[in-house]
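The values are calculated or read from the model by the stated rules, or taken from the named source; none is laboratory data. The structure displayed is predicted, hence computed values, not measured ones. Cβ coordinates were reconstructed from backbone atoms using ideal geometry, including for glycine residues, and neighbour counts include every protein chain displayed. Only protein heavy atoms, including side chains, enter the accessible area calculation; ligands, DNA and RNA are left aside. Shrake-Rupley method; radii C 1.70, N 1.55, O 1.52, S 1.80 Å.
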Amino acid sequence: MQYKPIRAIISGGGTGGHIFPAVSIANKLKELNPDTEILFVGAEGKMEMEKVPAEGYKIVGLPMVGMQRQLSMKNLMNNLTVPFRVLDSVRRAKAIVKEFKPDVVVGVGGFASAPLLWAATGMHIPAVIQEQNGFAGLTNKLLGGRVQSICVAYEGMEKFFPKEKLVMSGNPIRAAVSQPATPAMKEEAMAYYHLDPSKQHLFVVGGSLGSGTLNRSMKHWIQDGCPGGENVEVIWQCGKYYKKDTDAFMAAQSNVKGITPYDFIARMDLAYAAADVVISRSGASTVSELCAMGKATIFVPSPNVAEDHQTHNAMALVRKDAALLVKDSDAVDELLSTALALLQSPDRIKQLEKNAEKMALRNAAQVICDEVYKLV
């Protein structure tokens, strides 16, 4: 295929799970032809307005907000403004499309992508959407009938979209976490995180903001005396929001060794490489990374996400015997005992690793970009 220079708008955001795939697609388009022009469109005040320029791309914000599901006066007032913001965003999106004159638009989900994709498809601009989760988001479901191609990461997505438009692409992930760790990488990870290679290692990761449930589970286990953890070291990503409280808690546990809390993990590749077992939420990008790295994982799906999509993501692996699942409501009592039991079963770890790696789709950005060029 000839990759001529094109003009593309990529729209979406709201969370890292939408932003990182979007940037990966943009990077691949620029790799295929450096003269390609790319404009991002996001939601004003959301993290893409900071993260995307940091990656070297221009972004324009729309005044979109999402519907809030929890009942409160603040959320009620927010929801009353949504229809007006949608109309204003569609109007602005039409102006952006007229000015930029894209050959194609790409939507990566999140409410920020709805006005731009709606406006562009109404103006007969070809469009691709990428659905990262095993349960389609509302925005992408609304757009599925208007776009030409729908790139997905899970089987069975014809429940949500026209079957003839589906392309199995997987989720674009960072190159650093796209392959299982080499022995040299594992050695580097031991040094980086000051770990003892003779011990077993558990990586507990609650996402960029941390997870209250995973943190409570860790605290419960520590207060019980870390049963079963005599030969285990833990990398504990507690999150920025919880770091001060976690540090105070650990300071009171003077007899506990080998458990290190971090607010943020800059070298996820090395944290994965160090881990014999990973405990994690099951956001789409994280699941894709864990498959690509071939890690034995216990997922604790967040109950605080739309359509319970994290459970659908995790179950796609559980059904293939590629991961374990502990419900959020059971985590405090069961999570660490499940993880410690798994650490004592090297054959079971190898089986989970093997099956997870079988599910890895490492060429997602290229597949999506090929769909873009087919439309252009």
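First obtain the Kirkwood hydrodynamic radius of the stretch 145-215 from its Cα pairs, then insert it into the Stokes-Einstein equation at 25 °C and 0.890 mPa s, and state the resulting D in µm² per second as a whole number.
150 µm²/s
Can you give the extra length, in nm with one decimal, that the chain gains between GLU37 and GLN223 once fully stretched, where that is 0.36 nm per residue apart less the Cα-Cα distance?
That pair, GLU37 and GLN223, stretches by 61.5 nm at full extension.
Between ARG7 and LEU142, take the C-beta separation as r, use R0 = 30 Å, and let me know the FRET efficiency to the nearest 0.05.
0.75
Peptides 355-366, 255-266, 28-39, 97-108: what's the order by average Cβ count within 10 Å, highest mean first?
Ranked by mean Cβ neighbours within 10 Å, highest first: 97-108, 355-366, 28-39, 255-266.
Between ALA191 and ASP308, 0.36 nm times their residue separation minus their Cα-Cα distance comes to what?
38.3 nm
At 0.692 mPa s and 37 °C, plugging the Kirkwood radius over alpha-carbon pairs of the stretch 264-331 into Stokes-Einstein gives what diffusion coefficient in µm²/s?
This corresponds to a translational diffusion coefficient of 269 µm²/s.
Taking N as the number of residues in the stretch 190-293, what is its alpha-carbon radius of gyration divided by 2.2 N^0.38 Å?
1.02
If you count, for each residue, the other Cβ atoms within 10 Å and average over each peptide, how do 151-159, 288-296, 201-209 line up from highest to lowest?
Result, highest mean Cβ count within 10 Å first: 288-296, 201-209, 151-159.
If I compute solvent accessible area with a 1.4 Å probe over the protein chains, what percent of it on the stretch 209-313 is carbon and sulfur?
Carbon plus sulfur share of accessible area: 50 percent.
Given the options TYR193, THR246, GLY212, identify the residue whose Cα lies farthest towards the positive end of the charge dipole of the chain (+1 on Cβ of Lys, Arg; -1 on Cβ of Asp, Glu).
About the Cα centre, the residue reaching furthest to the positive side is GLY212.
Name all residues of the stretch 132-147 having a backbone nitrogen under 12 Å from the label point set 7 Å from the Cα of MET123 along its Cα→Cβ direction, giving them as ranges.
none
So what's Rg/Rh here for the chain, counting alpha carbon atoms and using the Kirkwood radius for Rh?
Ratio of gyration radius to Kirkwood radius: 0.99.
So for the stretch 26-67, Kirkwood radius off the Cα pairs, Stokes-Einstein at 37 °C and 0.692 mPa s: how many µm² s⁻¹?
For these conditions, the coefficient is 293 µm²/s.
Shape verdict for the stretch 80-167, please, from the Cα gyration tensor: rounded (a/c under 1.5), prolate (a/b greater than b/c) or oblate.
Oblate, since a/c reaches 1.5 and b/c is not below a/b.
List the residues whose amide H sits under 5 Å from the amide H of MET47, counting only those 5 or more places along or on another chain, with H placed 1.01 Å from N in the peptide plane.
Close amide H contacts, sequence-distant or interchain: GLY14.
Once you've got the Cα coordinates, tell me which of LYS51/LYS295; LYS98/LYS358; LYS257/LYS350; LYS141/LYS350; LYS159/LYS358 are over 32 Å apart.
Result: LYS98/LYS358; LYS141/LYS350 exceed 32 Å.
Cα atoms only: what Rg and Dmax, in Å, come out for the stretch 93-240?
22.1, 64
Considering just Cα atoms, how many Å³ per residue does the convex hull of the stretch 2-59 enclose?
Roughly 64 Å³ of hull volume per residue.
Toward the positive end of the charge dipole of the chain, about the Cα centre and with charges on Cβ (Lys, Arg +1; Asp, Glu -1), which of CYS226, PHE100, VAL41 goes farthest?
Toward the positive end, the furthest listed residue is PHE100.
When only C-alpha pairs under 8 Å and at least 6 residues apart count, what is the relative contact order of the chain, in percent?
16 percent
Using 10 Å bins from zero, what percent of all Cα-Cα pairs in the stretch 317-370 falls into each bin?
Calculated P(r), rounded to whole percents: 21, 37, 27, 13, 3.
To the nearest 500 deg cm²/dmol, what mean residue ellipticity at 222 nm is calculated for the chain from DSSP H runs of n ≥ 4 alone, each contributing -39,500 (n - 2.57), summed and divided by the residues?
Roughly -13500 deg cm²/dmol at 222 nm, from the helical runs in the chain.
For LEU325, list long-range residues whose amide hydrogen, built 1.01 Å from N in the peptide plane, is under 5 Å from its own amide hydrogen.
Amide H neighbours of LEU325: PHE299.
Restricting the calculation to Cα positions, tell me the Rg (one decimal) and the Dmax (whole number) of the stretch 224-376 in Å.
For the stretch 224-376, the Cα radius of gyration and maximum Cα-Cα distance read 17.3, 63 Å.
What are the ³J(HN,Hα) values, in whole Hz, obtained from phi via the Karplus relation 6.51 cos²θ - 1.76 cosθ + 1.60 with θ = phi - 60°, for each residue of the stretch 254-264 in sequence order, with x given for Gly and Pro?
Each residue of the stretch 254-264 in turn: 4, 8, 8, 10, x, 10, 10, x, 10, 6, 9 Hz.
About its Cα centre, how strong a charge dipole does the chain have in debye, to the nearest 20, once Lys and Arg get +1 and Asp and Glu get -1 at the Cβ?
The dipole of the chain has a size of about 1100 debye.
Per residue, how much accessible area does the chain have with a 1.4 Å probe, in Å²?
Heavy-atom accessible area per residue stands at 46 Å².
What distance in nm separates the simple spin-label points at ALA184 and LYS101, each placed 7 Å from Cα in the Cβ direction?
4.9 nm
Keeping every protein chain in place, order VAL376, VAL300 by accessible area at 1.4 Å, biggest value first, i.e. largest first.
Of VAL376, VAL300, the descending order of accessible area is VAL376, VAL300.
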